[in-house]
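Asks: Here it is, the structure in full.
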Amino acid sequence: MISLHEKRTPKDLSGKLNRFWELSEQKINLIDSKYDESKGSPVFTVAGEYTTRGWTEWTQGFQYGSAILQYDATGEQQILERAKRQTLSKMAPHVSHIGVHDHGFNNVSTYGNLLRLMREGKMPFNEWEKNFYELALKISGAVQASRWTSIKTGGFIHSFNGAHSLFVDTIRSCRALTVSHELGHVFQGEGDVKISMLERALLHIQATAQYSVFYGEGRDSYDIWGRTAHESVFNVKDGNFRCPNSQQGYTGFTTWTRGLAWAMCGFAEQLEWLDTADEATLTPFGGKAALEKMMLKAAQATCDFYIEHTPVDGVPYWDTGAPNLYKLGDYLAKPADPFNDFEPVDSSAAAIGAQGLLRLGKYLSEKGNTAAGEKYTQAGLAVVNTLLDEPYLSTDENHQGLLLHTIYHQPNGWDHVPQGSKIAYGESCMWGDYHIREVCLYLQRMINNEPYYTFFNCVK
């Protein structure tokens with residue numbers, strides 16, 4: 001499990017953060033100068049160079065969003081101007097992309113962050129520019145909400161696999177619906193029927209908590225507190241749940257750690273949003289207290305599972321049920337080894353999960369549960385502290401990635417295996433690079449006493 005013996009504060013990481021942002025800027029400039037965008041969105045590196053591979057265009061928002069976060073952290077004006085031009089020229093297809101469940105990734109990371117910077121006064125106010133960002137976010141939320149499957153207990157935003165498929169990842173795309181709702185957008189269906197995006201966001205969150213997260217309550221033989229399933233499969237004819245499954249993990253009965261991390265981050269940030277919502281608005285959906293109870297249970301369960309099933313330094317292996325982990329001995333009692341011969345680690349899961357731990361820690365501390373809050377905060381800081389050092393932080397000026405030892409799709413064998421190695425290591429991915437920047441910005445703003453960083457700062 002993650003070692004919680006050393007007590008840290010965000011300020012303790014200040015020196016590492018300064019170095020991090022210097023390296024981050026180098027990587028952004030390197031990609032802009034070297035990557036051929038005619039090939040599509042960059043996804044992950046092969047021998048240090050970004051390439052594209054996958055089933056959907058889901059990573060471009062992380063590319064341009066990274067530049068926006070860099071500006072937020074450093075004030076580098078040229079990077080901001082370039083990111084604004086790229087968002088304008090390249091992101092429109094992502095706003096109207098009906099074939100993915102990734103709108104929260106692509107569009108909140110770009111249009112949302114730009115609108116947030118303007119509202120915070122970090123960018124000059126311009127009415128037309130503001131309206132442009134708002135319109136993009138309104139439509140993005142509606143397009144995401146249209147991917148809807150009704151089930152007996154409510155409904156969910158289905159994955160690109162089809163109407164039967166609930167992905168745990170999509171918990172973080174709920175923010176696209178939340179933002180669109182907060183901007184006052186009206187989503188209309190057939191016959192001009194008005195559809196509440198808030199309702200669909202909350203029902204999706206509920207479905208994820210109910211079917212994607214396990215609580216040790218006997219749902220199956222492998223039901224333990226905080227385990228997650230990457231995919232939950234439903235019978236679309238009668239709306240009944242059928243079984244857990246996994247697309248990128250080992251099985252539906254093991255925990256793919258990046259899916260776990262998406263849940264940790266998604267539930268924690270939705271809890272933060274819920275805390276700002278009007279009680280009367282939430283009454284038709286069960287009320288704030290019931291919604292908080294549901295989200296908090298899922299957030300704590302997933303964060304607890306991460307702490308208990310991750311090596312002492314906070315970096316997990318790609319799946320907690322990976323078949324060769326036993327060959328590593330007592331792997332949870334020592335730092336993760338990205339260079340081992342048996343199973344790869346996934347630092348991108350660590351970068352995503354760290355943010356969930358930190359947000360949940362802050363949330364609980366402010367609610368008076370200081371002991372639990374401190375546990376999650378210290379776990380999150382431990383993870384970030386590890387990621388900001390080698391071998392995870394990329395210091396090679398020729399390597400386009402920022403966070404090393406990430407995994408995209410282990411079962412499909414998509415990740416680059418260096419010559420002479422038995423497993424993938426040493427490479428980066430767009431979501432890992434984005435989320436290490438995001439969690440570092442989160443901490444830096446705390447250190448500098450800047451406004452608390454949330455996805456909904458763009459509307460509140």
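The values are calculated or read from the model by the stated rules, or taken from the named source; none is laboratory data. Values in this document were obtained by computation on a predicted structure and should not be read as measured data. Note that each Cβ is placed from the backbone with ideal geometry, even for glycine, and that neighbours are counted across all protein chains shown.
Asks: Run residue 238 past the list (1) within 24 Å of the chain's Cα centre (by Cα); (2) farther than 27 Å from residue 54 by Cα and report the number of the one that doesn't hold.
Replies: (1)
This table checks each residue for (1) hydrophobic (A, V, I, L, M, F, W, C); (2) surrounded by fewer than 21 Cβ atoms within 10 Å (Cβ to Cβ); (3) under 21 Å from residue 257 (Cβ atoms); (4) at pLDDT 95 or above.
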| site | (1), (2), (3), (4) |
| --- | --- |
| 166 | yes, no, yes, yes |
| 170 | no, no, yes, yes |
| 184 | no, yes, no, yes |
| 196 | no, yes, no, yes |
| 199 | no, yes, no, yes |
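Asks: Would you mind finding the one in 14, 38 that is modelled with pLDDT under 95, assigned to a helix (DSSP H, G or I) and out of contact with any Lys or Arg (no Cβ under 8 Å at 6 or more places or on another chain)? Step through it out loud before you land on a result.
Replies: On the way: 14 fails: modelled with pLDDT under 95.
Result of the check over 14, 38: 38.
Asks: Filter the range 143-161 for residues that are within 23 Å of residue 248 (Cβ to Cβ) and touching a Lys or Arg at 6+ places or on another chain (Cβ under 7 Å); which is surrounded by the fewest Cβ atoms within 10 Å (Cβ to Cβ)?
Replies: The residue in question is 158.
Asks: Moving to a separate point now. Would you check if residue 34 is in contact (Cβ under 8 Å) with a residue 40 or more places away in the chain, closer than 29 Å to residue 416 by Cα and of a type in the set (Lys, Arg)? First the steps, then the outcome.
Replies: Values: in contact (Cβ under 8 Å) with a residue 40 or more places away in the chain: yes; closer than 29 Å to residue 416 by Cα: yes; of a type in the set (Lys, Arg): yes.
Yes, satisfied.
Asks: If you scan the range 377-424, which residues turn out to be touching a Phe, Trp or Tyr at 6+ places or on another chain (Cβ under 9 Å), assigned to a helix (DSSP H, G or I) and farther than 25 Å from residue 28 by Cα?
Replies: 379
Asks: Residues of the range 359-373 being in a helix (DSSP H, G or I) and closer than 18 Å to residue 452 by Cα, which ones?
Replies: At the first step, the residues of the range 359-373 found to be in a helix (DSSP H, G or I) are 359-366, 370-373.
Once the filter is applied, which keeps residues that are in a helix (DSSP H, G or I) and closer than 18 Å to residue 452 by Cα, the range 359-373 yields 359, 360, 361, 362, 363, 364, 365, 366, 373.
Asks: Can you pull out the residues in the range 83-110 that are small (Gly, Ala, Ser) and assigned to a loop (DSSP other than H, G, I, E, B)?
Replies: Restricting attention to the range 83-110, the residues satisfying the condition of being small (Gly, Ala, Ser) are 83, 89, 92, 96, 99, 104, 109.
Within the range 83-110, 96, 99 qualify.
Asks: Can I ask one more? Check 427, 390, 397, 450 and return the single one that is crowded, with 23+ Cβ neighbours inside 10 Å and either more than 16 Å from residue 264 (Cα to Cα) or of a type in the set (Lys, Arg) (or both). Show your work before the answer.
Replies: Values: 390 fails: crowded, with 23+ Cβ neighbours inside 10 Å; 397 fails: crowded, with 23+ Cβ neighbours inside 10 Å; 450 fails: crowded, with 23+ Cβ neighbours inside 10 Å.
Answer to the selection: 427.
Asks: Restricting the search to the range 239-251, which residues are surrounded by fewer than 20 Cβ atoms within 10 Å (Cβ to Cβ) and either without any contact (Cβ under 8 Å) to a residue 40 or more places away in the chain or not in a loop (DSSP other than H, G, I, E, B) (or both)?
Replies: First, pick out the residues of the range 239-251 that are surrounded by fewer than 20 Cβ atoms within 10 Å (Cβ to Cβ): 239-243, 245, 247, 251.
Of everything in the range 239-251, those that are surrounded by fewer than 20 Cβ atoms within 10 Å (Cβ to Cβ) and either without any contact (Cβ under 8 Å) to a residue 40 or more places away in the chain or not in a loop (DSSP other than H, G, I, E, B) (or both) turn out to be 240, 241, 242, 243, 245.
Asks: Only residues in the range 366-390 that are on the phi < 0 side of the Ramachandran plot count as the first member; pair them with residues that are surrounded by 17 or more Cβ atoms within 10 Å (Cβ to Cβ) and among the aromatic types (Phe, Trp, Tyr), Cβ under 8 angstrom, at least 6 apart or cross-chain, and list the lot.
Replies: Note: pairs meeting the criteria are 373/363; 379/306; 386/392; 388/20.
Asks: Please state which of the following conditions residue 350 fails to meet, knowing it meets all the rest: (1) touching a Phe, Trp or Tyr at 6+ places or on another chain (Cβ under 9 Å); (2) outside any loop (DSSP other than H, G, I, E, B); (3) more than 21 Å from residue 9 (Cα to Cα); (4) among the aliphatic types (A, V, I, L, M).
Replies: Unmet for residue 350, out of (1) touching a Phe, Trp or Tyr at 6+ places or on another chain (Cβ under 9 Å); (2) outside any loop (DSSP other than H, G, I, E, B); (3) more than 21 Å from residue 9 (Cα to Cα); (4) among the aliphatic types (A, V, I, L, M): (3).
Asks: Kindly check whether there is at least one residue in the range 45-65 that is closer than 13 Å to residue 433 by Cα, surrounded by 17 or more Cβ atoms within 10 Å (Cβ to Cβ) and of a type in the set (D, E, K, R).
Replies: Within the range 45-65 (the criterion being closer than 13 Å to residue 433 by Cα, surrounded by 17 or more Cβ atoms within 10 Å (Cβ to Cβ) and of a type in the set (D, E, K, R)), the answer is no, since none of the residues qualifies.
Asks: Out of the residues in the range 382-406 meeting the condition of being hydrophobic (A, V, I, L, M, F, W, C) and out of contact with any strand residue (DSSP E or B) (no Cβ under 9 Å at 6 or more places or on another chain), tell me which one is farthest from residue 425 (Cα to Cα).
Replies: Only one residue fits best here, namely 382.
Asks: Restrict the check to the range 152-161 and report whether at least one residue is in a strand (DSSP E or B), in contact with a Phe, Trp or Tyr (Cβ under 8 Å, 6 or more places away or on another chain) and of a type in the set (S, T, N, Q).
Replies: Quick first cut of the range 152-161, residues in a strand (DSSP E or B) only: 154-157.
Remaining after also requiring in contact with a Phe, Trp or Tyr (Cβ under 8 Å, 6 or more places away or on another chain): 155-157.
Subsequent filtering for residues that are of a type in the set (S, T, N, Q) retains none.
Scanning the range 152-161 turns up no residue that is in a strand (DSSP E or B), in contact with a Phe, Trp or Tyr (Cβ under 8 Å, 6 or more places away or on another chain) and of a type in the set (S, T, N, Q).
Asks: Now a separate question. Please state which one of 220, 275 is under 19 Å from residue 456 (Cα atoms) and out of contact with any Leu (no Cβ under 9 Å at 6 or more places or on another chain). I'd like the intermediate steps shown before the answer.
Replies: On the way: 220 fails: under 19 Å from residue 456 (Cα atoms).
Matching residue, one of 220, 275: 275.
Asks: Going by the conditions given, is residue 258 touching a Cys at 6+ places or on another chain (Cβ under 7 Å), among the charged types (D, E, K, R) and either buried (at least 19 other Cβ atoms within 10 Å of the Cβ) or farther than 26 Å from residue 54 by Cα (or both)?
Replies: Values: touching a Cys at 6+ places or on another chain (Cβ under 7 Å): no; among the charged types (D, E, K, R): yes; either buried (at least 19 other Cβ atoms within 10 Å of the Cβ) or farther than 26 Å from residue 54 by Cα (or both): yes.
No; evaluated as a whole, the condition is false for this residue.
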